[in-house]
Ligand code: SF4
């Protein structure tokens with residue numbers, strides 16, 4: 001890539017990446033950039049960082065545009081504005097477009113065609129004016145130093161070819177060795193994300209060329225917790241993710257909780273295993289993400305790169321409740337268990353003790369059977385989480401093991417043994 | 001149906017701790033069913049819990065003693081197979097015990113745990129698997145004249161790959177009308193501690209499952225796991241639905257002479 005006229009920068013974390021991009025834009029003397037839809041720049045909060053430096057970043061993907069104009073947050077990897085309906089989009093366009101550039105046409109309706117046309121006109125002005133483009137990349141091909149962007153709308157193609165300077169921020173896990181390897185992913189990604197055999201636009205570029213396209217190209221290689229994640233034998237498989245979003249679409253928890261509940265640009269099952277690794281488990285939301293799953297395994301079943309998401313979830317639960325060794329910035333550190341699990345730990349220990357001695361277990365069961373008439377229908381405290389919507393099972397008069405012993409394995413039972 | 005003399009199988013029954021304590025009828029049904037099929041059933045008294053709840057909540061190290069106990073109690077050569085009427089506990093032993101062994105090895109604790117757990121892994125079967133794959137029966141001689149729909153629980157479906165086995169067994173039951181459950185493969189929302197850690201989402205999933213079950217017009221929703229049925233049934237009881245939960249073992253155990261009460 002360097003030989004092809006590009007410049008490579010390394011960013012250890014989000015702050016460093018933001019500083020590099022801000023500096024590169026400043027050096028061009030420009031105060032606005034057009035953006036291709038990119039998860040990496042969302043992850044590091046690039047738009048906000050540029051804003052602070054007086055640089056305006058315009059999102060050009062239709063859904064990202066809706067999110068940006070609505071001062072909103074994305075709720076899905078592939079379709080960030082999936083939580084908005086047509087009426088809301090119409091209102092956002094009519095209200096906000098004028099403040100950002102070309103206003104929406106008068107009498108804008110909520111028909112998809114009209115909305116798309118309004119976005120086209122609004123964005124066209126940006127494409128033609130912008131001198132700097134910012135992108136991510138779906139893949140990087142090591143053998144030729146080529147970057148690849150896969151998209152549906154053509155806005156990416158505009159941003160990648162029209163500006164004089166192109167800056168791409170790409171996670172270091174996006175490298176594939178050869179074009180042959182790329183072929184596999186170019187088939188896998190559209191099939192798993194939009195169920196298309198091929199996506200409408202696939203752009204590839206290698207450094208700069210004399211005759212066309214940007215005159216200057218910068219690649220910012222982003223680590224931001226990836227190397228540390230790679231150090232973890234179980235958790236590292238999350239780095240295989242190609243952001244197809246199939247796991248979100250099939251997840252019953254995502255479907256009901258919505259993308260914003262995950263508190264990260266990576267929602268759904270992949271977010272639940274990626275965020276606590278990239279950001280650590282210190283915050284309350286990151287410590288709770290591994291539990292945002294019933295472990296039903298639907299995500300693992302659809303994942304095109306076979307990330308065993310339930311396995312990683314359980315692994316991260318262990319990290320939350322037990323602590324343990326992790327790598328942070330290349331250094332091994334031992335985490336303490338997260339706060340707020342003391343009662344649960346005690347309960348698990350008590351259950352472990354009872355289960356270690358069948359006699360103790362049995363005494364408990366008999367006590368439960370004897371007192372069963374007094375068991376309440378609703379529980380106080382944490383038990384309410386069950387009884388608010390569900391009846392408790394009734395404790396039977398006799399446990400299975402007591403029945404087995406009393407009847408000699410059902411051999412002399414009046415009620416339907418042998 | 002296979003005659004008793006052809007089979008001299010000896011199995012160890014692992015009803016699971018949930019069934020032992022809360023659903024003894026299911027354990028009794030398995031005993032009745034297997035005995036009827038000529039299998040000798042034993043209930044090793046030293047058994048407790050496979051450790052699934054511990055493991056899945058993040059307490060792998062606390063699950064290890066339970067796994068070791070399970071293996072010591074059930075690993076005996078005297079048993080040809082270990083049978084459990086629970087997809088998730090079956091998956092715990094078959095899928096996660098080997099993983100626990102590997103993790104212990106990766107932590108530098110050697111092969112000890114893996115070796116200790118190894119004997120029980122290949123011979124643990126979920127009930128419907130045991131019937132279809134090991135005994136080779138689909139008609140177990142049951143009679144249950146009711147309209148039934150079947151919910152394939154997640155671990156049975158995805159971890160063990162039970163596939164069509166339960167449905168084949170149910171279709172062979174005399175008088176039973178099996179109707180398809182819409183959205184069958186979607187999780188019911190139980191998920192062990194998930195049910196109390198994320199109660200709102202869990203309840204919403206449970207309510208959808210119950211709504212789907214009701215839409216079939218079935219009298220009974222059956223499954224091969226009472227943990228899920230505890231959640232689904234608890235939701236049904238609260239919503240006072242016409243459809244009620246029954247474990248598949250109890251249906252398969254039911255006969256004309258001794259119908260399920
Ligand atoms: S984890 Fe798998 S299914 Fe989910 S977005 Fe990544 S590649 Fe797609």
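Every number in this text was worked out from the coordinates using simple rules, so none of it is lab data. Bear in mind that the values here come from a model prediction, so they are computed numbers and not experimental data. Cβ atoms come from the backbone with ideal geometry, glycine included; neighbour counts cover every protein chain shown.
Remarks
- C-alpha long axis of helix A:112-129 to longest principal axis of chain A, angle in °: 50 degrees
- Taking A:211, A:22, A:334 as the candidate residues, the one with maximal mean-square fluctuation in a Gaussian network model of chain A, Cα springs under 10 Å, is A:211.
- Average partner coverage of B:39-51, which counts Cβ from other chains inside 10 Å: 4
- Theoretical gain in end-to-end length, residue A:194 to residue A:211 [0.36 nm per residue, Cα-Cα removed]: 2.7 nm
- Structural descriptor for chain A: relative contact order 14 percent, calculated from alpha carbon pairs under 8 angstrom and at least 6 residues apart.
- Compactness relative to 2.2 N^0.38 Å, alpha carbon Rg of the stretch B:147-253: 1.00
- Under the simplified labelling scheme, the residue B:244-residue B:109 pair shows an inter-label distance of 4.5 nm, with each label point 7 Å from Cα along Cα→Cβ.
- Pairwise FRET efficiency - residue A:285 versus residue B:95, Cβ, R0 = 41 Å, nearest 0.05: 0.90
- Other protein chain C-beta atoms within 10 Å of residue C-beta, averaged over A:228-234: 1.
- Dimensions of the stretch A:226-335 based on its C-alpha atoms, expressed as ranges along the principal axes with the largest first, amount to 36, 27, 22 Å.
- Shielding of A:320-330 by partner chains, average beta-carbon count, 10 Å: 1
- When the convex hull of its Cα atoms is projected in every direction, mean area for the protein assembly as shown (nm²): 33.0 nm²
- Spin-label model distance (nm) - residue B:8 vs residue A:347, 7 Å beyond Cα toward Cβ: 4.9 nm
- Whole-number D in µm²/s for chain B (Stokes-Einstein; Kirkwood sum over Cα pairs; 37 °C, 0.692 mPa s): 175 µm²/s
- Listed residues B:88, B:215, B:159, most fluctuating in chain B (Gaussian network, C-alpha, under 10 Å): B:215
- Highest-MSF residue in chain A out of A:129, A:401, A:191 [GNM, Cα springs under 10 Å]: A:401
- Once the Cα atoms are used to define both axes, helix A:14-28 deviates from the longest principal axis of chain A by about 10 degrees.
- Distance in nm between pseudo-label sites at residue A:240 and residue A:306 (7 Å out along the Cβ direction from Cα): 0.6 nm
- Relative to one another, the C-alpha centroids of the stretch A:327-376 and the stretch B:156-215 are positioned 28 Å apart.
- R0 of 60 Å, Cβ-Cβ distance residue B:168-residue A:128: FRET efficiency to nearest 0.05: 0.40
- DSSP-defined antiparallel bridges as percent of all bridges, the protein assembly as shown, nearest 5: 20 percent
- Potential lengthening between residue A:109 and residue A:325 on full extension [0.36 nm per residue; Cα-Cα distance subtracted]: 72.1 nm
- Modelled label reach - residue B:257, point 7 Å along Cα→Cβ, the stretch B:14-41 residues with backbone N closer than 16 Å: B:32-39
- Straightening the chain between residue A:384 and residue A:187 buys 66.1 nm, computed as 0.36 nm per residue apart minus the Cα-Cα spacing.
- The alpha carbon centroids of the stretch A:99-115 and the stretch A:178-250 are separated by 32 Å.
- FRET efficiency for residue A:28 and residue A:178, using Cβ-Cβ distance with R0 set to 41 Å, rounded to 0.05: 0.75
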